[in-house]
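A short worksheet on the structure shown next.
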Amino acid sequence: MTEAIEKTQVNNQAPEEITKKDVTKAYLRWHFANEIPHSFERYLAPSLLYGMMPILKKLYKDDDARRAAYKRQLLFFNTQLSWGGGVITGLMSSMEQQRAEEEYTDSEVLMQDDLMYNTKAGLMGALAGIGDAIDSGTVQYIFIAIAVPWAQQGSALGALFPFICFATYQAILGVFFARQAFAMGRNATGLMQSTGIQTAIETLSVLGLFMMGVLAGNYVKVESTLKFVISGKDFVIQDILDQIVPGLLPLAVVMGVYWFYTKKGLKVTQALLWLTLILIVLAGIGIL
């Protein structure tokens, strides 16, 4: 009887199996808690811990072991929502699972605290750079570009469409990365180097450039009022420019701002002041 009781107690301490559903739940908890408990000392670590708490409870039945896992995941952490958050949530779930199994079987603990945190710290900056460039720098503006005509017509869809689509896109992408990273374990860093992901990044980058061109062509309005009368015939400069390259002046303005940023850095206020001054001068002398 005593042996049976002891065996039952040991089995009760065994880590439970982590499923795709658990990983999905962990990412979605991180997703919706992101930035809410933001602090200077830990940044987004409380959000990550909140996301992983159900998994850690399934893995560590001993209170002391669970508290230690909480502390591991509560160290300084900051990354992008879906690319960084998705991969790292799945990867930490996989590494914690291995750690729990090592502790339960009393085998050598290879998944040391330093290894886990160094892995997380090494990935969070690199993945944030990719995620910010693709999501914040490209994808969200594609949704905005699609919705701008609706907003100009006064439709509420113009405001809601980018928000809903972008939030849905990030949630789906984050769940995908979390599941893939959990399945791949410590080899999850190879996910970012896979042919499919690299092709997707390049495709989105090119699409983003097209959309920026569409926005510049449609919503940057610069026209010349300059005209001449030669031998009794009117020569309107704007009509001539439109015959040569339609939208040449808006393109020149956009490229001028781009040139300023490449030379002076991303100094938006200075760019706006210089652009305003130049346009006022050109309008004052009758060129624009």
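Restricted to the stretch 1-118, the set of helices (runs of 4 or more DSSP H) holding at least 2 residues that are without any contact (Cβ under 8 Å) to a residue 12 or more places away in the chain and aliphatic (A, V, I, L, M) comprises 2-12. Among the residues making up the stretch 150-172, those that are open to solvent by 30 Å² or more (accessible area, probe 1.4 Å), at pLDDT 85 or above, part of a helix (DSSP H, G or I) and not aromatic (Phe, Trp, Tyr) are ALA151, LEU157, ALA159, LEU160, ILE164, CYS165, ALA167, THR168, ILE172.
The values are calculated or read from the model by the stated rules, or taken from the named source; none is laboratory data. Quick caveat: nothing in here was measured; it's all calculated off a predicted structure. Cβ coordinates were reconstructed from backbone atoms using ideal geometry, including for glycine residues, and neighbour counts include every protein chain displayed. Each accessible area value is taken on the protein alone, full model and side chains, heavy atoms only, with ligands, DNA and RNA left out. Shrake-Rupley method; radii C 1.70, N 1.55, O 1.52, S 1.80 Å.
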